[in-house]
Amino acid sequence: MTDIKAMFHQVRVSRSDVDFLRFLWWPSGDVSMPAVEHRMMVHLFGAVSSPSCANFALRQTAKDNKECFRTEVINTVENNFYVDDCLKSLPTEHEAVELVKDLTSLCQTGGFHLTKWVSNSRTVLAHIPKEDRAQNVRELDLDREKLPTERALGLLWCVENDVFKFNITVKCKSHTRRNLLSVVSSIYDPLGFLSPFTLPAKFLIQDLCRSKCGWDEEIPQAAVDKWTKWIKDLDEIEDFRVARCVKPTGFGMLKQAELHHFSDASEQGYGIVSYLRLTDDMHTVHVSFMLGKARVAPLKHVTIPRLELTAAVLAVRVDIMVRKALELDLKGSTFWTDSQSVLKYVANENARFRTFVANRISVIRGNTDVKQWKFIRTKQNPADLASRGVSASTLVKCKEWIHGPDFLWKKEEEWPKESLGPMSLSLDDLEVKRNTTVYSTVIKENENPTSQLLNYFSTWTKLKLAVAWFLKFKNILRLLIAKRKEIQPTCVNKDTQSQNNVCNEMKIFKTSLCGQSIGLDDLLKAEKAIVEFWQKQRYAEEMSRIGKTSPAGKRLNRFSSLYKLDPVMDDGVLRVGGRLDKSAMPEETKRPIILPKDVHISTLILQHIHEQLGHAGRNHVLSHLRKKYWIINANSAARKVLSKCVVCKRVRGKIGEQKMADLPKERLQADLPPFSNVGVDYFEPFMTKRGRSQNGTKAESRRQCSRKEFSGRLILQQPHIMGEYGRDSFEW
């Protein structure tokens, strides 16, 4: 372990940025003298940018000199420095001595001086100059005296025994919820060595939250007794030791490394613990503690299977993090749990889960394989300590938490292999979504194919064009049949030559027919056919009564919707009657075609006219409509069509208006003298917001006032009594 001396001060600030680090200083500390302006030329302690700039300079030093030093030295700078601290482990003392020399030379090229060296090897310390060693090691007799205890990234490292330990000192504070949380949070344990011990204290704080105890209120006596007992256990934590090195001395050549993660949950909390299992060339196994986490269950009640699944997700995320940190070629990780529900959820391929379970299963399946998950009994699961919590004395005596379960130290053939039975999910599982069967009946009207065709198209033009093609195709088929009947009697001899002549003649005739296109006459015939069809569908009775010698209107039922229109038949089309036969208007205007309002073609015709007229209003559309068609109750039909027009909604939509706030009381109290309420803006105009834009337009009531030191603007709240005033009329 080493440190960079005054790392921030070794990195200079760019010349263009030094003005941001100006400060004032009085010469000789005499504040009566004028202050002198200075600028920092290097990065200072306390600036947010200093750590990132210093780390960039250090990494750039390694990048610029990577051709002059070994790859291991460059990787050490890139991966083993934490701001100005460097932690590195090496297999031999010789490699450590060489690394110290090369690392010091590399950093020296960038202006960084490595100091405060500490090592658990006396040989390595002997090769380091005294002035570069840590303060506690500098004057130490390496042959006789023991190595001291140092801090490695906040953890207490006993260098002599190469173990981590804890020395927790608690200040006497009143028993309040705030002080309890302060004590628990002061225990620095980033790797989770003490997770089972700190969990009961977290349970106590959660109980106080559940009982809605205030932050600074005295906690109940029952909670005080639990807290006092937990505080007394802190003294026993001093005997807790964890080996720093994950590979012991004398361990052979590494052949296999794998991670094992254990997860568990209870009603109060859940946790995980991870171990690194190493195997050498002599099949010797060593298991080391990697990381432990213990968390309290949410205040809102959560079922045990859900907490078990949450712990499993935590194990997966810890696996991802540890794999990135370890510089080892790791085999596939193994995940152990004592929850059969979790194993069934993970192995499921068919059932659909509720949102809570589905989200967590997706995380597990996205980062692990089903074969990596194994079952373990609760008594063999070390994560049970992290989910329930233990006292300090129990944690110190319990070897399973740090050293892992006994079966991990054995061969894989001796690991527990429990028979779980079928892994299928129960139909009564609350987390499985039920398959709801919905029976529905679709009732369709007996529509004939022609009605379906006419209701299919969305515009009047497309409908007429399609019907025109159908009619033309129908006509072509009729002509082909007539032509075939005409040719066949002439072919008396049934020889091959006669048949070929007939085929050739038919091909020529087909080519002449198929080469035709749609013209205006075809569109008019299609329009007439569409109208005739719908009139026969809706007014079959009326059309059967019209056409006799007596007046048509007299033969209709007086309750018919066509009775007042005095309808007449014209070439199979039902038209409006009346007294305009002798007028000079066009025939279709004198006798408009009658159509019902609730058929699809009436809507299409109204839409077509509305778009042709440039989205005109209802009256204009009706006026243009009645030149050719007369739709029953056309007024309401046109209103319905226009109300659904998207273009009209966008163009004619009502502009949103903002309701103004109440007038301030200063504007409504008329008995106050002038200038009782004023506002002064010394810098910029008052910004006003109009819609989404802001502007600083000055009101006419503003009067600009000036003075030597600044320029101000006076806003008068009573403009009706405001006059013209000079700059000397106001007192500043």
- Meets criteria (over 30 Å from residue 124 (Cα atoms), assigned by TED's automatic domain parsing to the domain that holds residue 400, out of contact with any strand residue (DSSP E or B) (no Cβ under 7 Å at 6 or more places or on another chain) and surrounded by fewer than 17 Cβ atoms within 10 Å (Cβ to Cβ)) for residue 222: yes
- Could you figure out which of (1) modelled with pLDDT under 80; (2) not assigned by TED's automatic domain parsing to the domain that holds residue 597 isn't true of residue 550? (2)
- Task: Identify, by number, the condition in (1) closer than 30 Å to residue 160 by Cα; (2) among the hydrophobic types (A, V, I, L, M, F, W, C); (3) over 41 Å from the mean Cα position of the chain (by Cα) that residue 245 doesn't meet.
- Result: (3)
- Item | Any hit, the stretch 310-319, residues being among the polar types (S, T, N, Q), part of a helix (DSSP H, G or I) and either surrounded by 17 or more Cβ atoms within 10 Å (Cβ to Cβ) or in contact with a helix residue (DSSP H, G or I) (Cβ under 7 Å, 6 or more places away or on another chain) (or both) | yes
- Task: Can you work out which of the residues in the stretch 341-399 that are surrounded by fewer than 20 Cβ atoms within 10 Å (Cβ to Cβ) and of a type in the set (Asp, Glu) is farthest from residue 230 (Cα to Cα)?
- Result: 349
- Item | Where a residue in the stretch 639-663 is farther than 16 Å from residue 618 by Cα and its partner, wherever it lies, is not acidic (Asp, Glu), with Cβ under 8 Å and at least six apart | none
- Task: Working only within the stretch 453-475, note down all residues that are β-branched (Val, Ile, Thr) and either surrounded by 16 or more Cβ atoms within 10 Å (Cβ to Cβ) or not in a helix (DSSP H, G or I) (or both).
- Result: 459, 467
- Message: Taking the criterion of being among the β-branched types (Val, Ile, Thr) and in a strand (DSSP E or B), would at least one residue in the stretch 191-213 satisfy it?
- Response: no
- Query: For the stretch 434-448, which residues satisfy the criterion of being over 39 Å from the mean Cα position of the chain (by Cα) and at pLDDT 75 or above?
  - Reply: 448
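Do we find that residue 385 is closer than 15 Å to residue 273 by Cα, out of contact with any Pro (no Cβ under 8 Å at 6 or more places or on another chain) and part of a helix (DSSP H, G or I) in this structure?
In short, no.
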- Restricting attention to the stretch 172-185, and to residues there that are over 34 Å from the mean Cα position of the chain (by Cα) and touching a residue at least 12 places away in the same chain (Cβ under 8 Å), which single residue is surrounded by the fewest Cβ atoms within 10 Å (Cβ to Cβ)? 174
- Note on the structure: Counting only residues that are in a loop (DSSP other than H, G, I, E, B) and either loosely packed, with under 15 Cβ neighbours inside 10 Å or not assigned by TED's automatic domain parsing to the domain that holds residue 580 (or both), the stretch 616-639 contains a total of 4
- Only one of 311, 325, 315 is under 15 Å from residue 375 (Cα atoms), free of Cβ contacts under 8 Å to residues at least 60 places away in the same chain and not basic (Lys, Arg), namely 315
- Which condition does residue 363 not pass, out of (1) within 25 Å of residue 198 (Cβ to Cβ); (2) in a helix (DSSP H, G or I), if it passes all the others? (1)
- Query: Checking residue 96 against (1) in contact (Cβ under 8 Å) with a residue 12 or more places away in the chain; (2) of a type outside the set (Phe, Trp, Tyr); (3) loosely packed, with under 15 Cβ neighbours inside 10 Å, which single condition isn't satisfied?
  - Reply: (3)
- Query: Does residue 145 satisfy the condition of being outside any loop (DSSP other than H, G, I, E, B) and modelled with pLDDT under 90?
  - Reply: no
- Item | Residue that is at pLDDT below 90 and under 16 Å from residue 308 (Cβ atoms), where the choices are 431, 349 | 431
- Residue selected from the stretch 111-133 under the condition small (Gly, Ala, Ser) and touching a residue at least 60 places away in the same chain (Cβ under 8 Å), by the criterion farthest from residue 62 (Cα to Cα): 119
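If a residue counts only when it is closer than 30 Å to residue 105 by Cβ, which strands (runs of 3 or more DSSP E) contained entirely in the stretch 1-67 have at least 2 such residues? Even if it seems obvious, please write down each step before you answer.
On the way: elements: 2-4, 22-25, 36-39.
Counting at least 2 such residues, we get 2-4.
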- Positions within the stretch 587-623 being without any contact (Cβ under 8 Å) to a residue 24 or more places away in the chain and closer than 16 Å to residue 648 by Cβ, in sequence order: 609, 611, 612, 613, 614, 616, 619, 620, 621, 622
- Query: Does at least one position in the stretch 37-59 carry a residue that is surrounded by 16 or more Cβ atoms within 10 Å (Cβ to Cβ) and closer than 28 Å to residue 244 by Cα?
  - Reply: yes
- Conditions: (1) more than 23 Å from residue 7 (Cα to Cα); (2) surrounded by 15 or more Cβ atoms within 10 Å (Cβ to Cβ); (3) acidic (Asp, Glu). Residue 85 meets all but one. Number of the miss? (1)
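The values are calculated or read from the model by the stated rules, or taken from the named source; none is laboratory data. Source: prediction; values computed, not measured. Glycine gets a Cβ as well: all are built from the backbone with ideal geometry, and neighbour counts include every protein chain shown.
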